[in-house]
Amino acid sequence: MEIEEFGYKQELKRSLTLTDLVVYGMIFMIPIAPFGVYGYVNAEAPGMVPLAYLIGMLAMLFTALSYGSMARAFPVAGSVYSYAQRGLNPHVGFIAGWLMLLDYLLIPPLLYVYAAMALNHLYPDIPKVGFILAFLVSATFVNLRGITFTARLNILFLLAQLVVLGIFLFYAWNALHNGGGHGQLTLAPVYNPETFNFALLMQAVSIAVLSFLGFDAISTLAEEIKTDPGRSVGKAALITLFVMGVIFIVQTWIATDLAAGMGFTSADTAFYEIAELAAGSWLATLTGVATALAWGVAVAITSQAAVSRLLFGMARDGKLPKVLARVHPKYNTPYLSIYLVALLSLVICYLFINAVDTLTSLVNFGALSGFMLLHLTVINYYWRRQKSGQVIRHLICPVVGFIIVAAIMYNMGVDAQKLGLIWIALGLVYLFFLNKLGVNTALPDPSNG
């Protein structure tokens, strides 16, 4: 199915393979993501961090299935925005895109701030804003060169992270079996009846799930996939989610058993303290620098690519200024959208450089609320409209996925819920004025192509 069937013109370069998509998703999700958030997850679910990641993976599994279903129906850029406007309603689609903007627009500055904080701790003479500017300029340059160039760099970044992770696992495993912590792998990190608390565990899951956000961004590249984009998106999402889930669970399981009985200085440094216990200060420094570079460079590049494609898709449909849909004549990239993302990232970094917890909560709210609309879209489009008759795929799975995501949202902080609702209200006001001004927000008609 070609995008011309949906009334669009093929402008972005089709150069990505299934492997490229999986690498892109793995980079976005960050193989060493638990390094940076381990302490926060452990604070809510003491000693059961792997369980939080296991539940997070199962929760996102249903969402990945829904992405695969909608990508087969509508293999176009725009992610949940494109799916909801066609599978539910154009106005609901706009709100879905508005919610995903909250997620995608805030991820790059969130990554810049986290990375700058980590490096500023190691190199206090360099201000945080200096690191932020370096990360931002490099990500913008790479994205302007095109998705193929980005994909090749992604492979190098992924290999570097896996090498660091391998080093940590090697030394942590040896330290564990030489008498550290529990002295061996146990089932306590998966279930400990003495400390188990379901409400607190779900709060931990709401933090751990941040590490899984990224497989969904694969869908934003649908118009840059060489062959069978609809099926490729679904396959890549499932492969990425499963592989990354296993990686997250393994590293946190070993770390948790090794850390048995430890008291952490702070949530920020918890994992690095475990690394120091495993092999000394050099491993703590290595894991800290690797985390900063992974968040500030590798993932920032992929996240900027994702949000620029979302802006491109919404602008092309008239939901945002048309100028954002312009494509670079040489590199075939939505270059004005990329520039806008860089500018907004700089402003957001300035506003939230000392409020990273608020940024994190807003990112989660945007993503999870978008996922809920995605599940509703699958039910409405396949089960109600198309009458597919596939009870498990198009009814039970999206219903279960919706309930799980709703439960995670419910256990999120009240401040995040309030700020998220304010963002939705702003989106509704913007949509109201679009309609009042008579802006044509109807979907393109392929018969006019």
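Couple of notes before you dig in:
- Calculated P(r) of the chain - Cα pairs past 39 Å, %: 17 percent
- By definition, a body whose alpha carbon gyration tensor gives a ≥ b ≥ c is oblate when a/c is 1.5 or more and a/b is not larger than b/c, and the stretch 99-145 fits this oblate description.
- For the chain, calculated [θ]222 nm from helices alone, where every DSSP H run of n ≥ 4 adds -39500 (n - 2.57): -22500 deg cm²/dmol
- In a DSSP loop and with at most 12 other Cβ atoms within 10 Å, the trypsin sites (Lys or Arg not before Pro) in the stretch 341-402 are LYS387.
- As a length-normalised measure over Cα pairs under 8 Å and 6 or more apart, the relative contact order of the stretch 258-384 settles at 11 percent.
- Where labels lie 7 Å past Cα in the beta-carbon direction, separation of TRP282 and HIS91 in nm: 6.4 nm
- Angle between the chain longest axis and helix 90-122 axis [Cα atoms, degrees, rounded to 10]: 30 degrees
- Note on the stretch 33-83 and the stretch 95-134: Cα centroid distance 21 Å, given to the nearest whole angstrom.
- SER232 sits among other residues whose Cβ lies under 13 Å from its own Cβ, and their net charge, with Lys and Arg +1 and Asp and Glu -1, is +1.
- Three principal axis extents describe the C-alpha atoms of the stretch 171-283; from largest down they are 52, 36, 25 Å.
- Relative compactness, the stretch 324-439, computed as alpha-carbon Rg over 2.2 N^0.38 Å: 1.39
- Violating pairs (Cα-Cα greater than 29 angstrom) within the set LYS226/LYS319; LYS13/LYS322; LYS13/LYS128; LYS322/LYS436; LYS128/LYS235: LYS13/LYS128; LYS128/LYS235
- Förster-model FRET efficiency, 45 Å R0, TYR350 and PHE198, C-beta, rounded to 0.05: 0.70
- Rounded to 0.05, the FRET efficiency of the TYR123 and ASP228 pair, given R0 = 60 Å and the Cβ-Cβ distance, is 0.80.
- Fully extended contour minus Cα-Cα distance, from VAL243 to SER138, at 0.36 nm per residue: 35.0 nm
- Site pair VAL289 and PHE170 shows an inter-label distance of 1.7 nm when each label is modelled 7 Å from Cα along Cα→Cβ.
- Net lengthening on full extension, VAL399/GLN386 (0.36 nm per residue, minus Cα-Cα): 3.0 nm
Where a number appears in this text, it was derived from the coordinates with a stated rule and is not lab data. Predicted model only: the values in this text are computed from it and were never measured. Reconstructed Cβ throughout: ideal geometry from the backbone, glycine too, with neighbour counts over all protein chains shown.
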